Each structure stands twice: as C-alpha cells, then as structure tokens.
1. Using C-alpha positions alone, give me the convex hull volume of the range 121-169 per residue in cubic angstrom.
2. Take peptides 78-87, 202-211, 171-180 and line them up by average Cβ neighbours within 10 Å, highest first, as a rough protection proxy.
3. So what's the convex hull volume per residue for the Cα atoms of the range 138-239, in Å³?
4. At a 10 angstrom cut-off on C-beta neighbours, averaged per residue, how do the peptides 230-236, 159-165, 92-98 rank from highest to lowest?
5. How much length, in nm to one decimal, is gained on full extension between residue 64 and residue 215, taken as 0.36 nm per residue of separation minus their Cα-Cα distance?
6. Can you give the relative contact order of the range 138-239 as a percent, counting alpha carbon pairs under 8 Å and 6+ residues apart?
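What follows is calculated from the coordinates using simple rules that are stated; it is not laboratory data. Fair warning: this is a prediction, and the values are worked out from it, not measured in the lab. Don't worry about glycine lacking a Cβ; one is built from the backbone with ideal geometry, like all the others, and counts go over all protein chains shown.
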C-alpha cells in the first residue's frame, strides 16, 4: 500500500472517529473536520457529553476551558492560517497533516501546530465517555494481548511514556499499516498521521489538560484518564 493510499485509509477507517461528526452533533451539522460549506472554514467539534460528565475523573471547569478556549483557539488559528489559501479549506485537516508538503511553506508551521491541535483534541475528546473505563474489547483487546502481554502491561508502558513526555505533548496508542500496535509520544501537536500511522487512542499531557485538578501530578491525571477511556470507540478506530 502506498503512503498516500494508507493516509486515505487512516482518515476514512481507523481514524474516522476523530474525523467524522461526533454523536452530539444534531442533524444538518457540518462535519467538524471538513469545511463549513457556507463560511468555508473549519468548525469546532461539539463534545458528545456535558462538561461535568467525566467527573470526578476530569473536572467540569477543566473540560470547559480545554474545549471552549484551547480547542477553539486552534480552530481559529488554523482558519486564519488558511485564509489566503481557500482551496486548502476543502480538504480534511487530517489530509493536510499527513502530507504537509502540499501546504505552502509560509503557513506550513501554523497548519502543523494548529491543525494538529484540532485533530488531536477531536480524538482525545471523542475517545472518552461517562460510561468509559473497564478493559479493551474485540480485536483491539487481542492485539494488545499479543503486543504488550496484556492490558495491565499496556497500562504500565503507556503511562510511563505519557509521564515521560518532556514539556507539552501527547501519548498515543497507534497502529502500523499491518495493524501492529505501538506506543508513541509526540511533541507539541504532532500526530501519528504525519508518519503514516493510525491513531487509536490518545491522552493529552499538555498542562492545560490536567493542571486545575492535579496541579503538577501528571501521573495522577493519567490514572484518572483510564476511568473514562471509551474502549468501544478505540476498537472502532483500530478496526474501521
């Protein structure tokens, strides 16, 4: 499979939960990762739950600020960066990030940083649920057992990677082209899409994601995050 073909598969397949409208969108809402047909701009994805729905694991005030301030700012800055390149607004953000060479050099860094901020947050919010927690399901559960030797081993290795991110970034459970799972981290708002891999699950380890509740205790925030992971959606990300 050529890299371009894999990018398209990732956007339409395992990564689709991040790039399709979330369940809370009402009929007629635009795809949050595609342009608004009237305004020709990207739009902020709606959360599929209330700000306080993930308490006590993630507090309502953090969710509100995270979504309406930080997430919104990346959408706004991405739109501003692409203002003089309206044709690029017709492309899914994931496609821009997976092939940054198609983005004009004068806005490439802005698209990388802010486009990554948009899709990473979309995936992060979409793969949490008030009914989350528990254990992996389906083929993903089998792949985790095969790759890591069980869910508990995945948790240990994933948490260690997330805690070890220097400064701001993300920790990912990703899939290679052949379906092989791996744990990886990215700085800033980089995404596995840039390297031809499918995002399956992600935790945000920027301080704004946890500081109000956990202050400098990043390990505690990750321990709480496991309680809201939506494994059904992670399974669809992996197998879609």
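1. Details: hull volume 5.0 nm³, N = 49.
Measuring per residue, one finds 102 Å³ for the Cα hull of the range 121-169.
2. Details: 78-87: 16.0, 202-211: 20.6, 171-180: 18.9.
The packing order, highest mean first, is 202-211, 171-180, 78-87.
3. Working: hull volume 9.2 nm³, N = 102.
So the per-residue Cα hull volume is 90 Å³.
4. Working: 230-236: 20.9, 159-165: 16.4, 92-98: 24.0.
My ranking of the peptides, most packed first, is 92-98, 230-236, 159-165.
5. Values: separation 151, 0.36 × 151 = 54.36 nm, distance 1.69 nm.
Additional length available on full extension: 52.7 nm.
6. Working: 144 pairs, mean separation 27.5, N = 102.
Value for the range 138-239: 27 percent.
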